[in-house]
């Protein structure tokens, strides 16, 4: 049987200067609900139900080539070995001139991707979309997991190169950290110029935890938080990204089995289609 590929995939090899989809089926430290390792496969399957044309961007995947490299093989490895494998996979994409678009998997995958990017880019902004701040210094006795990932990222890029949108959950200490470092911004229609000014022309790495969306429109996540973005605002944000120099993306924390309607998986596929069109 032919291996699954994302809608309108042009190649199985990296295309210089274009996005390269890499599935990262990591699900080790998830809490409350698990199953994010099934996301890459389900997103590819769900992409068959959507069109290649995006009306609000007026762009079609047939005109924007990309490759799908399939999934990393992470089974049987320790957590540290899995993270090394992710970093190696992303490094190979970068060496071939591609732009990594990683499909998780739990949010911890971002750490390895940032480590790989930092070796090739001296100065870039991490744009973090999420319901949760993920800024704990440790969680359940561990310093590397989905709840600490952005604190570890900050140790690599510096707090001045972190911008967070959509955060609505965290500990008292995390929100104190956010206030002290000024990382949280708002995104509303009509405020795009303000956000763009904050980016200041820096190259941007986007990490998109799908629980930024309100669970009423996207229930298939491990830790749903009421009060999030609705899909219309996500479309507005994706349109905004046309003005941004994206050097990489990850889309994480879809748990397909939780949403038996497959609405969450299809919505994730639509978001990834748009990201392929703006990267």
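Tabulated results
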read-out: Shape call, the stretch 1-83: gyration tensor on alpha carbons, a/c limit 1.5; value: prolate
read-out: Backbone N under 17 Å from the residue 53 label point (7 Å along Cα→Cβ), restricted to the stretch 1-43; value: 8
read-out: Protection proxy ranking, peptides 58-68, 120-130, average beta carbon neighbours within 10 Å, highest first; value: 120-130, 58-68
read-out: Neighbour-count ranking [beta-carbon atoms within 10 angstrom, fewest first] of 139, 231; value: 231, 139
read-out: Burial ranking of peptide ranges 154-167, 95-108 (average Cβ count within 10 Å, highest at the top); value: 95-108, 154-167
read-out: Evaluated at q = 0.13, 0.21, 0.24 Å⁻¹: base-10 log I(q)/I(0), Debye formula over Cα of the stretch 151-202; value: -0.35, -0.86, -1.04
read-out: Residue-span extension gain [residue 245 to residue 73] - 0.36 nm each, minus C-alpha spacing; value: 58.9 nm
read-out: Residue order, fewest to most beta carbons within 10 Å, for 144, 258; value: 258, 144
read-out: Top of 141, 75, 35 by mean-square fluctuation, Gaussian network on the chain, Cα under 10 Å; value: 141
read-out: Projected label distance in nm at residue 230 and residue 175, using a 7 Å step from Cα toward the beta-carbon; value: 2.5
read-out: Cβ-derived FRET efficiency at R0 41 Å, residue 188 paired with residue 92, nearest 0.05; value: 0.60
read-out: Estimated 222 nm signal from helices in the chain, with DSSP H stretches of n ≥ 4 weighted -39500 (n - 2.57), rounded to 500; value: -9500 deg cm²/dmol
read-out: Value of Rg/Rh across the chain [Cα atoms, Kirkwood radius]; value: 0.92
read-out: Relative exposure of 28, 90, judged by other C-beta atoms within 10 Å (fewest first); value: 28, 90
read-out: Gained length - residue 122 relative to residue 80, 0.36 nm times residue gap less alpha-carbon distance; value: 12.6 nm
read-out: Net length gained if the chain between residue 12 and residue 156 were fully extended (0.36 nm per residue, minus Cα distance); value: 48.7 nm
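Each value in this text was obtained by applying a stated rule to the coordinates, not by laboratory testing. Model, not experiment: these values are computed from the prediction. Backbone-built Cβ (ideal geometry, glycine too); neighbour counts: all protein chains shown.
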